[in-house]
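Report on the following structure.
The values are calculated or read from the model by the stated rules, or taken from the named source; none is laboratory data. Everything numeric in this text was worked out from a predicted model, so none of it was measured. Glycine also receives a Cβ, built like all others from the backbone with ideal geometry; neighbour counts cover every protein chain displayed.
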Ligand code: CO8
């Protein structure tokens, strides 16, 4: 993978994708969004990669959408830019493979929104989160008004968005925005450890569970339960189910095939 603003590394079956525009604190411009979109397509098709860690180079995860690019936009261009970002983030959210955000620094505006479309957020103790848009005279445009309230509840989402305040990693953990806070130097190692834990389970089951959770949260509980029931049934058509249950009964570790 050869990109101007992204770095991709593979450690075994784990793909580590970093946003690499440190001079602008990894701010998302049209080019970065385009590269992210392409990289996600490549990773989703890569049979060697089963889980993704998304992080940033330097002192930011992503400090937001690129303010210099947005400043002179008219309404039509802004909507187009928002649409691009929304589509890329949705693609990440709907990837079959799990995605862990390893938030290494500023995750502001579009950066907080990017972390929220990932499945799990690990934060370094140096990470800072926020939706500063109202301070710039705009509102979040990459689904911050939608995903933040789903993650932390409406009251906290409104407080963060209305005040545009930045919060540190511990506060983000306290309100449920991140799953865990780890020392900065251990962040990638901890993300890899978590990825390996997930990889030791049946990957089809993990993907079905991701699908059921994602689709279920967006619908009523009856429909959500029907989605779960169907995917639960589908598990019983897989070798992983035979292997997982067989291994339990034979008192051995399951040997799942990654596919
Ligand atoms: N866009 C463009 N450049 C940025 C951004 C950004 N979001 N953030 C930082 N930079 C640049 C700075 O301009 C600076 O560049 P230069 O060295 O050329 O002057 C460089 O990165 C370093 O930044 P600072 O000197 O400001 O570093 P500090 O350590 O002093 O401050 C902060 C770090 C607190 C992160 C500060 O840079 C900051 O407040 N950044 C902006 C954060 C922000 O407001 N983000 C939200 C942007 S809006 C958004 O994300 C909306 C998403 C939806 C868009 C929908 C489409 C229309």
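Output yes when any residue across region 231-242 is away from the ligand (no atom under 16 Å from the Cβ), within 18 Å of residue 92 (Cα to Cα) and loosely packed, with under 15 Cβ neighbours inside 10 Å, and no when none is.
Filtering region 231-242 for residues away from the ligand (no atom under 16 Å from the Cβ) gives 231-242.
Narrowing further to those that are within 18 Å of residue 92 (Cα to Cα): none.
Taking every residue of region 231-242 in turn, none turns out to be away from the ligand (no atom under 16 Å from the Cβ), within 18 Å of residue 92 (Cα to Cα) and loosely packed, with under 15 Cβ neighbours inside 10 Å.
Among the residues of region 164-177, are any modelled with pLDDT of 95 or more, closer than 21 Å to residue 92 by Cβ and exposed (fewer than 15 other Cβ atoms within 10 Å of the Cβ)? Yes, there is a match, as at least one residue in region 164-177 is modelled with pLDDT of 95 or more, closer than 21 Å to residue 92 by Cβ and exposed (fewer than 15 other Cβ atoms within 10 Å of the Cβ). With respect to the conditions (1) outside any loop (DSSP other than H, G, I, E, B); (2) in contact with a helix residue (DSSP H, G or I) (Cβ under 7 Å, 6 or more places away or on another chain); (3) exposed (fewer than 14 other Cβ atoms within 10 Å of the Cβ), residue 84 lacks only one, and its number is (3). Note on region 167-180: residues that are outside any helix (DSSP H, G or I) and either free of Cβ contacts under 8 Å to residues at least 24 places away in the same chain or over 16 Å from the mean Cα position of the chain (by Cα) (or both) amount to 3. In the condition set (1) touching a helix residue (DSSP H, G or I) at 6+ places or on another chain (Cβ under 7 Å); (2) within 8 Å of the ligand (Cβ to nearest atom), residue 68 is compliant with all but (1). One residue stands out among those in region 247-256 that are loosely packed, with under 13 Cβ neighbours inside 10 Å and without any contact (Cβ under 8 Å) to a residue 12 or more places away in the chain: the one that is nearest to the chain's Cα centre (by Cα), which is 253. Quick check, is residue 49 within 12 Å of the ligand (Cβ to nearest atom), buried (at least 19 other Cβ atoms within 10 Å of the Cβ) and not in a strand (DSSP E or B)? Taking the combined requirement at face value, the residue does not satisfy it.
Counting the residues of region 156-176 that are out of contact with any strand residue (DSSP E or B) (no Cβ under 6 Å at 6 or more places or on another chain), closer than 26 Å to residue 87 by Cα and within 16 Å of the ligand (Cβ to nearest atom) gives 5.
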